[in-house]
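Read-outs throughout are calculated quantities, based only on the coordinates presented, and are distinct from any laboratory measurement. These figures come from a predicted structure and were not determined experimentally. Every residue, glycine among them, receives a Cβ derived from its backbone with ideal geometry; neighbour counts consider all protein chains shown.
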Amino acid sequence: MTKIAAPTPDVIKEAADLIRAGDLVAFPTETVYGLGADATNGEAVAKLFAAKGRPSFNPLISHGANLEMLLGEADFDDRALALADKFWPGPLTIILPKSQTARISDLACAGLKTVALRIPDHAVALALIKKSGVPIAAPSANASGTLSPTAPHHVADSLGGAVPLILAGGATQFGLESTVVDLTGAETVIVRAGALTAEDISDCIGLSVTYELSAADKPRSPGQMLRHYAPNIPIRLKVIDLEKGEALLAFGSTKFMGIKGGGKAGDLPPNQIRNLSETGDLLEAAANLFSYIRALDKPEHTRIAVMDIPNTGIGIAINDRLKRASET
Ligand code: AMP
Ligand code: MG
């Protein structure tokens, strides 16, 4: 049985007790809903991999409530400290060499000598981690490879009985996973696009930053897998007109978009169209992305057709997710 509950102090305590007992708890963060387990407990982490159906070669991000909680887990260099100071709590994950004294289990790091760390910017997440007293490993709270959850009922739909408690904290703010920066080498490399861009990172550390979002031959981060975030029906990108039977994921004005064979996109019935942001606001679009794809992911549509989205700022992350969602 899954319990979905508002995060009152009593419920947070119950959640922390579950975490400490090696069980799973889903909780809101500012990015997406996470499925949490005690990162220091290998058995709890194994349960987490099983609940998601996630391959255990794909390492997890461990979340702290404050820097002190994480300093012993990794060898922080000057870049890491500067980034932590500026962007934590926030939607930034850093990958560092795992320290000798680390308590985070090898399984959470998929046996790698590196560890991925973050402090989320959400009161419920922070309260849960603090009360648990351990770093919490938390990937997105959905079955591996599917759309990330941005509301509590998405978690229940995707994971069902595999999670005993879901802390219901409303819809998430960013709606996209954190930016992941690899600091294990001399170069600073973004291996997953998110709300923070290369420019944000570069401005903070005073060094150049590159993107390496897909490395088909030799992924430096196992999360660079091509197909991910996948709905059940196909996705067609950068559409300029619609084909009959397609649902439309719009961005900005649909005034001039036609349907082949006749008709206008603006006249589609409500179940066949969602607009990520009528005003063309990329932050609003990111926040709506996964839930709108979900809403259109219905067998009565042949495909989800997505309008072009500018590749700047968080638009880079949106386009990255759309590209992976459209891979077959
Ligand atoms: P998720 O847990 O699904 O939000 O994804 C975590 C992301 O961080 C994935 O892209 C992982 O491949 C990446 N990641 C986590 N830990 C490491 C690590 N130790 N080394 C490299 N990439 C990592
Ligand atoms: Mg995920």
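Observations on the model:
- Amide hydrogen neighbours beyond the local backbone of T93, cut-off 5 Å, H modeled: T179, V180, V181
- Among 308-314, 151-157, 264-270, 137-143, sorting by the average number of other beta carbon atoms lying within 10 angstrom of each residue, highest first, gives 137-143, 151-157, 308-314, 264-270.
- Label-point gap, in nm, between T328 and A5 - each point 7 angstrom along Cα→Cβ: 4.6
- Hydrodynamic radius by Kirkwood, which averages 1/r over all alpha carbon pairs of the stretch 288-328, in angstrom: 11.2
- Nearest-20 debye value, the stretch 194-328 charge dipole, Cβ charges on Lys, Arg, Asp, Glu: 520
- Ranked by the mean number of other Cβ atoms within 10 Å per residue, highest first, peptides 89-102, 16-29 order as 16-29, 89-102.
- With the largest listed first and rounded to whole Å, the semi-axes of the equivalent ellipsoid of the stretch 14-91 from the Cα gyration tensor are 24, 14, 13.
- Amide H contacts of R236 (H built 1.01 Å from N, in plane; Pro and chain starts excluded): I304, A305, V306 sit under 5 Å, all sequence-distant by 5 or more or on other chains.
- As a ratio to 2.2 N^0.38 Å, the alpha-carbon radius of gyration for the chain is 0.99.
- For the stretch 74-119: span of alpha carbons on each principal axis (Å, largest first): 29, 19, 14
- For G258, distant residues with modelled amide H under 5 Å away: L242, A265
- Stretch in the chain that is longest and holds no chymotrypsin sites (Phe, Trp or Tyr not before Pro) that DSSP places in a loop and that have at most 11 other beta carbons within 10 Å: 58-255
- Whole-angstrom gap from the stretch 162-235 to the stretch 85-118, using each part's C-alpha centre: 14
- Each residue of the stretch 95-104 is assigned a 3J(HN,Hα), and the resulting list reads 9, 9, x, 5, 7, 4, 8, 4, 9, 4 Hz, derived from the Karplus form 6.51 cos²θ - 1.76 cosθ + 1.60 (θ = phi - 60°), x at Gly and Pro.
- Computed as a quarter of the hull surface, the mean projected area of the alpha carbon convex hull for the stretch 197-326 stands at 9.1 nm².
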